[in-house]
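The values are calculated or read from the model by the stated rules, or taken from the named source; none is laboratory data. Keep in mind that what you see is a predicted model, and the values were worked out from it rather than measured. Every residue, glycine as well, gets a Cβ built from its backbone with ideal geometry; the counts of neighbours run over all protein chains shown.
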Amino acid sequence: MLRINDQITIADWELTEQFTRASGPGGQNVNKVATAVELRFEAERSPALNDAVKRRLKRLAGRRWTKDGAIVIFCDETRHQARNREIARDRLAELITKALVAPKRRIATKPTKGSVRRRLEAKKQRGTVKTLRGRIEGDDS
């Protein structure tokens, strides 16, 4: 059981863990002990999350979201299986916590009359400077 916050708890049947051998340093242990963890969370079928949270979670998960609606998190940071398992669960909890926060709607604002007037004045000034750079009429040289 994975507790996200006071309201949301992920049941054990929604989580699947698979252990594999990790690459990298580890001495003789690296070829014997399966320390890397692959945590799979069946997000699409989860009754703990509503549809809006699932949509945000899918967007946040990116490549980690599978076609069948699961999130796969892989961790092989440490040489200890228990620590890797803990890190993977923390990452999943953090991802779900981020998905719980609904983004604020952006309210379009109008520019103030003063800022519009200043912008147009500056444009007029630039225009006159550029026209003054042109060829002078009546000069025969």
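Structure values in brief
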item: Test for R119: is it loosely packed, with under 12 Cβ neighbours inside 10 Å and at pLDDT 90 or above; result: yes
item: In the range 65-84, the residues that are of a type in the set (K, R) and either modelled with pLDDT under 90 or touching a helix residue (DSSP H, G or I) at 6+ places or on another chain (Cβ under 8 Å) (or both); result: R79
item: Those residues of the range 62-83 which are free of Cβ contacts under 8 Å to residues at least 60 places away in the same chain, surrounded by 13 or more Cβ atoms within 10 Å (Cβ to Cβ) and not in a loop (DSSP other than H, G, I, E, B), in sequence order; result: R64, W65, I71, V72, I73, F74, C75, R83
item: Some residue of the range 106-129 being without any contact (Cβ under 8 Å) to a residue 24 or more places away in the chain, under 30 Å from I71 (Cβ atoms), out of contact with any Pro (no Cβ under 8 Å at 6 or more places or on another chain) and part of a loop (DSSP other than H, G, I, E, B); result: yes
item: Boolean, L49 is surrounded by 15 or more Cβ atoms within 10 Å (Cβ to Cβ), within 23 Å of the chain's Cα centre (by Cα), assigned to a helix (DSSP H, G or I) and at pLDDT 85 or above; result: no
item: Single unsatisfied condition, V33 versus (1) buried (at least 17 other Cβ atoms within 10 Å of the Cβ); (2) of a type in the set (V, I, T); (3) in a loop (DSSP other than H, G, I, E, B); result: (1)
item: The range 12-27, residues that are at pLDDT 80 or above, surrounded by 12 or more Cβ atoms within 10 Å (Cβ to Cβ) and not in a strand (DSSP E or B); result: E14, R21
